[in-house]
């Protein structure tokens, strides 16, 4: 029986430079409706409550207007049709905005890890162990 450590898929390092991204995210698929729930679950509560997400359309196969989060609320989503930045802009309850780089789901693990490690705080499921 082999034990496999699941790779981190989200990293965050909040910065004051509005031109630089605050983190990186490596979703498992191109379905924003499914993936955004995970991202919001990994978002640290002390970083602020996410109330809206602006996304780059080329990264996703769907275009939801909102996404259900933890079955109790919905977060509005939107996009700019010609935005090809491969980033998400998260609007927080207090008015702040945080920018997250989206790593394509089909990226090589080494490439994704390199981008994630360029940001400080790796967030779960970085230490989840799966039995194979």
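Only the coordinates and a few stated rules stand behind these numbers; no lab work does. If you're wondering where the values come from, they're calculated on a predicted model, not measured in any experiment. In this analysis, Cβ positions are derived from the backbone assuming ideal geometry, glycine residues included, and neighbour counts consider all displayed protein chains.
Computed extension gain for residue 65 through residue 84, at 0.36 nm per residue and net of the alpha carbon distance, reaches 5.0 nm. Assign one of three labels to segment 10-120, namely rounded, prolate or oblate, based on the Cα gyration tensor with a ≥ b ≥ c the square roots of its eigenvalues; rounded applies when a/c is under 1.5, prolate when it is not and a/b is larger than b/c, and oblate otherwise. Rounded, because the longest to shortest axis ratio a/c is under 1.5. Working from label points 7 Å from Cα in the Cα-to-Cβ sense, the residue 34 to residue 73 distance is 2.6 nm.
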